[in-house]
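Notes to accompany the following structure.
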Amino acid sequence: MRIGTHRQTALCSVKIFAAVLAAVMLSGACGSPPNNPHRAEDRSANYYYDTFMAPPKHFDPVRSYSTDEAVFVCQVYEPPLQFHFLKRPYELEPLTAARMPNISERIIGGAVHTVYEITIKPGILYQPHPCFARDERAALRYHHLAPDDVKGFLQAGDFEHSGTRELMAADYVLQLKRMADPRLNCPILSTMAKYILGLDDYAAGLRSRLQAERAARRAAAGLLYNQNEDEKQNPVRIDYDGIAFPGVELVDRYTYRIIIKGRYPQIKYWLAMPFFAPVPQEALDFYDQAALIERGITLDRFPVGTGAYYIESYQPNRQIVLARNPNYRFEAYPAEGEPGDAGLGLLRDAGRPLPFIDRAVYMLEPEYITSWNKFLQGYYDTSGITSDNFDQAVTMTERGVGLTEQLQDQGIGLITAATASVWYFGFNMRDSVVGGLDEKQCKLRRAISIAIDIEEDLDIFSNGRGIPAHGLVPPGIFGYLEGREGVNPYVYDWDERQRRPVRKSIEEARRLLAEAGYPNGIGPDGRQLTISFDNMMTGSSYAPYLNWILKQFRRLNINLVINTTDYNRFQDKINSGNFQFFNWGWNADYPDPENFLFLLYGPNARHGQGVENSTGYVSERYDELFRRMETMDDTPERLALIKQMHAVLQHDAPLHFGYFPVGYSLYHQWYYNAKPNLMGRNTLKYKRIDGELRERLRREWNRPLIWPLVLSGLVLLLACVPAAVLVWKREHRP
Amino acid sequence: MTAYIIKRMLYAIPTLIGVNVLIFALFFVVNSPDDMARTILGDKNVTRAAIENWKQENGYHLPLFWNAGAAGAARVTDTIFFTKSVRLFVFDFGNADRTGTSIGDQIRLRIAPSLAIAVPTFILGLLVDITLSLIVAFYRATYLDRWALVLCVVTMSISALFYIIGGQYLFSICLRLVPISGFDTGAGMFKFVLLPVVIGAVAGIGAGVRFYRIIFLEVIGNDYIRTARAKGLSEAQVLFKHVLKNAMIPILTGVVMTIPFLFYGSLLMEAFFAIPGLGGYTLEAINGQDFAVVRAMVYLGAVLNVAGLVLTDISYTLVDPRVRLG
């Protein structure tokens, strides 16, 4: 190569480099920093930006049951009730219902039933959707689609026309019937079948009709029949009205009734969940077309609701966009909350129409580290905190938990809230060693409960993000007892000076162990006590935690055998009762103590049948108290019963109560009305964004740095000089 | 050549059947349909009845390979293996177990983002590797060659994760020149693919330069190169005209074998850069115990592998006229 060619190449490289730099600087000068992952034209828009870690599975309200799906589903679908955004303890209020359900009693077949009569507000409209679109002759436009009609379509929004219609009580009745459809695998069917009159028979009826239809198709098609493929081309249509379902009654256009066997006051909480949201028949008919099924355009991906938002774009491999529902009725921001809300600015928007945000853009971020850094750059409005970035975000001050200087400088806010969940250690109460209600066996479990130092666990492994549990009911739920009243006296002593419980000493645990028949961990047969610990902590990251658990047992000279399996095997073991000691958690469905205390209710301890009471604990006294407490309203009498139940549990110690996790979340200064609501998931409509402030700060925080790149280029060029000299010498060798 | 290609395609059929049987057996050795149901249905309230219902609805209630309860051919056809695997041979991948969406549609949707990263990375990496290795070969037996080799070993020894996180930290957080991660379609894609492509190319430099340097040095030692030099050609002409041309067979072997796998995406790169490609799709399926997707992706990998081998053989005939396929 000639030196001249070198020069040309170098010149060309410099030009390209300069062009790239110019492009970067130009994009910065135009207002949008070059590291902005969002579209530049949206920079000042009234959009909310957040993330999701994995594509959601279901958007069909009869199937969706996980919190990551609720983020979307609850903004679109509207059950009759909702949790008040601000008031605590959690309080239900009408959402689409005109008022709270009218509750009455009815005798059916000699037994008392409770009737919930719900009247919805007139004039509520569905979001614009092609399933409602009508042609010039007022016929539904898209209900007879051929494959060519939807060629290239990826979303429900790809249709040219859309329509709407008024919400009717029949839509709620239809959804209740869909719960029983065996093809939909409604996760709460077994729970609801216990309470809603005739739901189990209705489900059995639908199943037998479906099976008969499938058998007929199979017989007609012969050997190569493929059920899934056949039903994609020719979906099975079951007439939901062809079978009697006495548990639900349609009264008139706006009123329907749900009939409950006996009493089940907790049904009111279920009425605030998407399982009880309306689904229009037009949507079912629309999505039941082979042409749409073939293209993956289904109700499970493209919901049809009356909520404040609708799914504008569904690309689960990249982003999901919610847009403001143009047909949304007037709903005002609440004017009252709990004491202190006004001081926190949470009532500033009182009376203003909802929703505030035009679009919510959720981006797929499989790795937490990238979403965390984008949050710090201002490209996401809110963020959680993990153990990995805890120290970067949070410091412990004399006044408690605070943010680090860096985050304070950015004006970031911190919210902490105890979650409605509990993470516990359980004993197999049917095991001959750790189970049983004999006093000696209770002492063994109490000794272990003292030895596992949950405060140390929280400090080391959770950065203190948890509250040690003295019972099953977490803070914020009726029945949680604070202070001296709530202390578990078998594991803690009350320190009057510090005004807090102090874990009993390990010597006390050893004394209890000796009284249980295992002095210094040695059993009557002269052998060391051995207990197996079943857990699902697979992966090397859990090794320190498992070592820590081993250490806790070693303090009592108990040999702990660790059995770690994946979650499926773990569930199998617990379900079949093949374990001694285990670690698990429970996340509440609704804010009622019953939803925690039922975890130890005797009739729920049926190993082999998908147990709720996984310990197998059965106490006549506890069960009797539970039955009385279960259907009561939140009264002082109910609180007294809960106290008695906890006293029984603390004595029998079927669980080491573990801790109640505390959630930490962060938000930027341009994000308003940030109040955690662990029960209500339809809270996007209350949030407000100052887009102008966000854009200004984003630009300030993300000014591109060019000079290090220029300097690196120069250093690289200088480094090439010796090589160039070498070439020159070779080429000009005499 | 046509006869050879047909022969190779026929050979591929037993290979693909074997792959199908193997992936099916391996998957169900470690997972039962009950496990799949429990994972897919979620963590709460998964009752025995719900598991049985899910299996029934998704065709996993049948025996795995042999239905002793059926009669005649139904003993084979009324099994999970038959109902789930036969359609793969006509590239009908069916629906995902977790989401019920069409796997074929997802592959079509995700292949473009995967290629948007993989193809530029591959081309840039190849150009940089070959250019650098030619330069290193040019400076063979000098201190530059020795230092280049040391540098190659050092860069090879660093984990790919370090390049990714380091690259994101440097270019997105410190210099703020490109987004940390994300993806867009059309012209907006450029700013998202720039960093992963550069990182992908840089991360492969060490191994690539060492590999191609050895090839070039082998060719440089041949008599015809000495003859070229004796004719008075400059070193650059020798390298680019004669050495590069004669080193094409081993280069092509590696290159053509790699091309089919570009469609497959990169698990790590797609996860960290939030690229909605096939790598992430496979990873999600493995984590979610979605047998239908795992099976489809492994099958696709096997088909691409077979295609890669055939393409390699064909490419030999293009660069070396002495090679004849038959």
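Under the condition of being of a type outside the set (S, T, N, Q), farther than 18 Å from B:Leu115 by Cα and crowded, with 16+ Cβ neighbours inside 10 Å, the residues counted in segment B:166-196 number 8.
Within segment B:205-239, the set of residues being charged (D, E, K, R) and surrounded by fewer than 18 Cβ atoms within 10 Å (Cβ to Cβ) comprises B:Glu218, B:Asp223, B:Arg226, B:Arg229, B:Lys231, B:Glu235.
Checked against (1) touching a helix residue (DSSP H, G or I) at 6+ places or on another chain (Cβ under 9 Å); (2) assigned to a helix (DSSP H, G or I); (3) touching a residue at least 40 places away in the same chain (Cβ under 8 Å), A:Phe598 meets all criteria but (3). Exactly one of (1) under 28 Å from the mean Cα position of the chain (by Cα); (2) more than 12 Å from every other protein chain (Cβ to nearest Cβ) is unmet by A:Phe579. Its number? Of everything listed in (1) under 28 Å from the mean Cα position of the chain (by Cα); (2) more than 12 Å from every other protein chain (Cβ to nearest Cβ), A:Phe579 misses just condition (1).
Scanning segment B:242-295 for residues that are of a type in the set (A, V, I, L, M), within 14 Å of another protein chain (Cβ to nearest Cβ) and either under 16 Å from the mean Cα position of the chain (by Cα) or open to solvent by less than 10 Å² (accessible area, probe 1.4 Å) (or both) gives B:Val243, B:Leu267, B:Leu268, B:Met269, B:Ala271, B:Ala274, B:Ile275, B:Leu278, B:Leu283, B:Ala285, B:Ala292, B:Val293. Kindly list, by first and then second residue, each pair from a residue in segment B:223-248 that is touching a residue at least 60 places away in the same chain (Cβ under 8 Å) to a residue that is surrounded by fewer than 17 Cβ atoms within 10 Å (Cβ to Cβ) and in a helix (DSSP H, G or I), limited to pairs with Cβ atoms under 7 Å and residues at least 6 apart or on different chains. Final answer for the pair search is B:Glu235/A:Arg730; B:Met248/B:Val319.
Taking segment B:144-165 as the range and being within 9 Å of chain A (Cβ to nearest Cβ) and at pLDDT below 90 as the test, only B:Leu144 passes. None of A:Ile460, A:Ile454 is exposed (fewer than 14 other Cβ atoms within 10 Å of the Cβ) and hydrophobic (A, V, I, L, M, F, W, C) except A:Ile460. The residues on offer are A:Gly680, A:Gly691, and the sole one that is closer than 30 Å to A:Tyr424 by Cα and not assigned by TED's automatic domain parsing to the domain that holds A:Phe427 is A:Gly680.
Applying the set (1) free of Cβ contacts under 8 Å to residues at least 24 places away in the same chain; (2) more than 14 Å from chain B (Cβ to nearest Cβ); (3) not in a strand (DSSP E or B) to A:Gly402 leaves exactly one unmet item: (3).
Do you know which of the residues in segment B:166-199 that are facing chain A (nearest Cβ under 7 Å) and aliphatic (A, V, I, L, M) is nearest to B:Glu270 (Cα to Cα)? My answer is B:Ile180.
Number of residues in segment A:519-544 that are open to solvent by less than 40 Å² (accessible area, probe 1.4 Å) and under 19 Å from A:Ile452 (Cα atoms): the value is 8. Of the residues making up segment A:586-604, those that are within 14 Å of another protein chain (Cβ to nearest Cβ) and either open to solvent by 10 Å² or more (accessible area, probe 1.4 Å) or over 20 Å from the mean Cα position of the chain (by Cα) (or both) number 7. On the basis of being surrounded by 22 or more Cβ atoms within 10 Å (Cβ to Cβ) and in contact with an Asp or Glu (Cβ under 6 Å, 6 or more places away or on another chain), does A:His646 make the cut? It is false that A:His646 is surrounded by 22 or more Cβ atoms within 10 Å (Cβ to Cβ) and in contact with an Asp or Glu (Cβ under 6 Å, 6 or more places away or on another chain).
Of the helices (runs of 4 or more DSSP H) lying entirely inside segment B:1-116, those containing at least 3 residues that are open to solvent by 20 Å² or more (accessible area, probe 1.4 Å) span B:2-30, B:33-41, B:48-58, B:80-85. Filtered by the rule that a residue be closer than 26 Å to A:Trp707 by Cβ, in a loop (DSSP other than H, G, I, E, B) and not hydrophobic (A, V, I, L, M, F, W, C), segment B:155-181 gives B:Arg176, B:Pro179, B:Ser181.
The values are calculated or read from the model by the stated rules, or taken from the named source; none is laboratory data. Just so you know, these numbers come straight off a predicted model, no measurement behind them. Virtual Cβ from ideal backbone geometry, glycine too; neighbours counted across all protein chains shown. Heads up: the accessible areas ignore ligands, DNA and RNA and are worked out on the full protein's heavy atoms, side chains in. Shrake-Rupley method; radii C 1.70, N 1.55, O 1.52, S 1.80 Å.
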